[in-house]
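First the structure, in the form of structure tokens, and then the observations on it.
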């Protein structure tokens with residue numbers, strides 16, 4: 001037998017890496033984010049004044065009532081905040097969508113109040129819509145479409161959607177970016193990010209840190225959303241993936257490439273209703289629970305096998321169709337896990353399926369990411385980290401949806417800080433609140449010093465958690481007695497299939 005030389009071995013490893021890259025390119029849709037424009041100071045100042053005026057108008061009655069009665073209902077802030085978000089649009093509506101789809105975190109009453117944020121953006125004058133479509137497609141509107149409805153059927157935070165008919169008679173939905181949305185979003189980010197950084201640093205509050213993580217990730221994601229060619233590629237890609245798996249209840253709209261461009265996306269029209277429109281769904285005559293379960297399985301399947309997933313599965317983007325399928329729309333945000341986070345996620349699934357050896361690996365990865373903070377500030381070694389991770393995560397992975405509480409999972413770090421410092425986590429006295437803020441602020445400062453925040457891992461886990469907030473809600477509606485990984489055979493097969501995951 002001839003021994004393999006180091007050069008031959010190097011060539012073989014290089015070939016393996018090249019094949020791995022090729023495989024990943026085939027399973028991850030290509031994106032090219034648009035760089036957000038620089039915001040002039042005058043524009044930032046104008047937007048700041050607008051925010052102050054709109055917020056003041058909606059919150060003034062509440063402030064007056066509070067001053068007179070000295071009492072206020074716990075959720076009284078929800079309605080004026082929702083109205084403020086809707087009036088300001090753009091970035092604010094994105095947050096409203098998150099609140100409206102996550103009652104497990106924000107409470108049922110608050111989530112119900114924000115439910116309208118899923119599709120109640122302002123309209124765009126039709127002349128503006130026509131101008132954008134004609135400029136993007138390079139032809140008159142009447143030449144591109146046989147008919148084009150002047151009234152939008154959808155009004156999202158960064159776009160509007162109009163119903164149309166192609167010249168060959170096919171019904172389509174035409175998504176059009178709002179005029180000037182790039183500048184509006186850039187301005188909002190320039191205003192919000194320093195504010196959140198200040199709040200996060202001064203209070204150390206975990207929720208403020210999570211909101212900051214969302215904004216940091218949002219700056220990248222919005223750059224992808226603002227070029228609709230990225231979404232078109234993602235839709236075509238996931239239609240191809242659906243052909244490779246046995247999930248026939250899920251469908252993704254077909255893209256009409258010749259009627260699409262950077263600011264216009266023409267796609268197959270789905271005549272359905274949001275997944276949580278229970279009144280209409282009841283008239284469809286079929287049980288929606290298996291359909292919803294298949295959507296969750298499909299989402300987890302792409303994340304398990306290829307490290308990618310739909311990054312915005314709020315109810316308005318999951319349309320139940322009369323024929324028993326669900327149409328998954330709005331692929332502007334696609335989550336992509338780096339190899340290390342991908343493997344971490346897979347080990348979480350394996351732990352949920354009973355693999356005891358996964359928990360030490362999960363704890364080891366957490367220590368690599370947060371080790372100095374866990375050890376120096378919380379006194380947690382490997383055994384303590386493993387026990388804490390298991391305590392916080394395992395119930396979410398294994399319990400039926402009716403018992404799952406993502407709020408408990410998201411609050412677990414703050415409770416652990418309080419426990420480690422001997423602080424009563426539930427006390428609302430001034431001294432107790434001050435002590436919690438002081439300790440959390442110190443821990444956050446230590447985490448920032450060690451480069452813990454703003455990592456690929458942090459952003460990916462936050463985006464995954466956001467989707468799980470949505471699924472928690474759908475699960476409580478349709479699958480109360482069903483666990484996230486109820487179909488063990490399906491998920492074991494997904495884990496056994498070829499993957500491009502890295503190694504711990």
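None of the figures in this text is laboratory data; all of them are computed from the coordinates on show. What you see is a predicted model, and the numbers here were worked out from it, not measured in a lab. Cβ atoms come from the backbone with ideal geometry, glycine included; neighbour counts cover every protein chain shown.
Ranking request for peptides 172-182, 326-336: highest mean number of other beta-carbon atoms within 10 Å first, then the rest in descending order.
Top of the packing list down: 326-336, 172-182.
State, as an integer percentage, the relative contact order of segment 240-363 based on alpha-carbon contacts under 8 Å between residues 6 or more apart.
Reported relative contact order: 25 percent.
Dividing the alpha-carbon Rg of segment 80-132 by 2.2 N^0.38 Å yields what?
Compared with the compact-globule rule of thumb, segment 80-132 sits at 1.31.
Using a basic spin-label model with each label point 7 Å from the Cα along Cα→Cβ, how many nm lie between residue 289 and residue 248?
Calculated label separation equals 2.2 nm.
Using the Kirkwood formula on the Cα atoms of segment 222-317, what hydrodynamic radius do you get, in angstrom to one decimal?
Evaluated on segment 222-317, it is 14.9 Å.
If I stretch the segment between residue 131 and residue 112 completely, what's the gain in nm (0.36 nm per residue apart, minus their alpha carbon distance), one decimal?
Going from the current span to full extension adds 3.2 nm.
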